[in-house]
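The values are calculated or read from the model by the stated rules, or taken from the named source; none is laboratory data. This structure is a prediction, so every number in the text was calculated from the model and none was measured. Positions of Cβ are backbone-derived with ideal geometry, glycine not excepted, and every protein chain shown enters the neighbour counts. Each accessible area value is taken on the protein alone, full model and side chains, heavy atoms only, with ligands, DNA and RNA left out. Shrake-Rupley method; radii C 1.70, N 1.55, O 1.52, S 1.80 Å.
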Amino acid sequence: MEPGLQRRVQRYGWDKASAYYETFWHDKLKPAQDLLLDMADLHPGENVLDVACGTGLVSFQALTKLGDNGRVVGTDISEKMIEKASSLAANKKEYRVSFERMDAEDLMLKDGLFDVALCALGLMYMPNPKKALEEMHRVLKPGGRVVAAVWGQRDRCGWSDIFEIVDQHVASEVCPMFFNLGNPNMLELNFKAAGFSAIQVRRITTLLSYNDSREALGAAFEGGPVALAYNKFNEDVKRDVHAAYLSSLAPFKKGEGYEVPAEFVLAIGIR
């Protein structure tokens, strides 16, 4: 896909998803986010960049480890995500964090500003994840560290049929290489190509627990990566994709709900 088109799909898709994202994904992503912060080993007084911050789920957690003098800057390509995160910061009267709309592959930030850069489940959506990592490398101080999390291998993510199901009805063009970084060695290779050293990689498996079909559908279609395409569907098509997606989840049905397997891959590297 042409990179400019992919960026527009991401920007306006996540604008659509912003109102539902925390409702459907807050608990589901916690294992990856918790491990990412554990690997980052944040210290009081550090300056932290949170790339593809969404509504600030990781940003606000990071603040709890930084003391009075630490600071977080969150960036995201979605204006609506940034608006929501900024509103949450204002409501919390939290002066140590700010949020700005930026393209991760072209950060409008000076060199060497940050001690740590974080990217929780954002690299998969970027046209050139190596370029995004290079930008994080650029804005880190010497010795600074970056930690990134991505979804794992396609065959280890039980929800992965969502892209094929949607593409049968409209060319969603969400992210053609979504699961590529989850394949063996791929995240590490991108870190190396971006200039990082002392790279370490972790893989974890988890379950995405949904109480019922409504919750599973909301996470997939309203609060997730196909939201832009989904909003183009008429009611008949929505019923069709709902049925197809729930059918793909049938092996994971538990009572009224679902326990869907998932995998995350995380890496840390040093500038």
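Of the residues in the range 80-88, at least one is touching a Gly at 6+ places or on another chain (Cβ under 6 Å), within 25 Å of residue 127 (Cβ to Cβ) and touching a residue at least 24 places away in the same chain (Cβ under 8 Å). State whether one or more residues within the range 151-168 are touching a residue at least 60 places away in the same chain (Cβ under 8 Å), within 30 Å of residue 96 (Cα to Cα) and within 16 Å of the chain's Cα centre (by Cα). Yes: the range 151-168 contains one or more residues that are touching a residue at least 60 places away in the same chain (Cβ under 8 Å), within 30 Å of residue 96 (Cα to Cα) and within 16 Å of the chain's Cα centre (by Cα). If the condition is being in a strand (DSSP E or B) and among the polar types (S, T, N, Q), then the range 91-106 contributes only 98.
Those helices (runs of 4 or more DSSP H) of the range 1-90 in which at least 3 residues are of a type in the set (A, V, I, L, M) and under 22 Å from residue 208 (Cβ atoms), considering only elements entirely within it, cover 30-40. Considering the range 131-174, the residues that are among the aliphatic types (A, V, I, L, M) and modelled with pLDDT under 95 include one that is surrounded by the fewest Cβ atoms within 10 Å (Cβ to Cβ), namely 171. Residues of the range 75-90 that are open to solvent by 20 Å² or more (accessible area, probe 1.4 Å) and more than 18 Å from residue 23 (Cα to Cα): 77, 79, 90. The selection criterion, being closer than 22 Å to residue 180 by Cα, acidic (Asp, Glu) and at pLDDT 95 or above, does not hold for residue 259.
Among the residues here, residue 33 qualifies as at pLDDT 95 or above and touching a helix residue (DSSP H, G or I) at 6+ places or on another chain (Cβ under 7 Å). On inspection, residue 12 passes the criterion of being within 16 Å of the chain's Cα centre (by Cα), open to solvent by 20 Å² or more (accessible area, probe 1.4 Å), among the hydroxyl-bearing types (Ser, Thr, Tyr) and at pLDDT below 85.
Evaluate the range 200-221: report whether one residue or more is modelled with pLDDT under 90 and farther than 22 Å from residue 31 by Cα.
At the first step, the residues of the range 200-221 found to be modelled with pLDDT under 90 are none.
No.
Residue 66 meets the conditions (1) in contact with a helix residue (DSSP H, G or I) (Cβ under 9 Å, 6 or more places away or on another chain); (2) within 21 Å of residue 39 (Cβ to Cβ) in every case but one. The failed one is (1).
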